[in-house]
Amino acid sequence: MAEADPHNIKQDMRIEFLEERVIKNEEVLKALSDSQIAMQQSMVEINTTLNLLLKLGKPALLVISAIAATIGIDVSGVM
């Protein structure tokens, strides 16, 4: 049996490595895409909620102020 050419072996190893990297990159891109879709959906929900609260007027302002105060934002000049 003839001995395999070292250059071909090296090339085959390189191809295998690159194929694995492509597969991993595709998985990362899919995860990023899924995350972006989830973030966009969350932003739509937040926007819808804020619009609803703004339509409610002063009671909504109280709710927003309470939430802001809870997370540590100074709301002393709001009312």
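Things to note:
- Of all residues in region 7-19, those satisfying the criterion of being open to solvent by 100 Å² or more (accessible area, probe 1.4 Å) and at pLDDT 90 or above are K10, M13, R14, E16, E19.
- Condition met for K55 (open to solvent by 80 Å² or more (accessible area, probe 1.4 Å), part of a helix (DSSP H, G or I) and modelled with pLDDT under 85): yes
- Single unsatisfied condition, G72 versus (1) at positive phi; (2) modelled with pLDDT of 85 or more: (2)
The values are calculated or read from the model by the stated rules, or taken from the named source; none is laboratory data. Since the model is a prediction, treat every value here as computed from it, not as a measurement. In case anyone asks, the SASA skips ligands and DNA or RNA and just uses the protein heavy atoms, side chains included. Shrake-Rupley method; radii C 1.70, N 1.55, O 1.52, S 1.80 Å.
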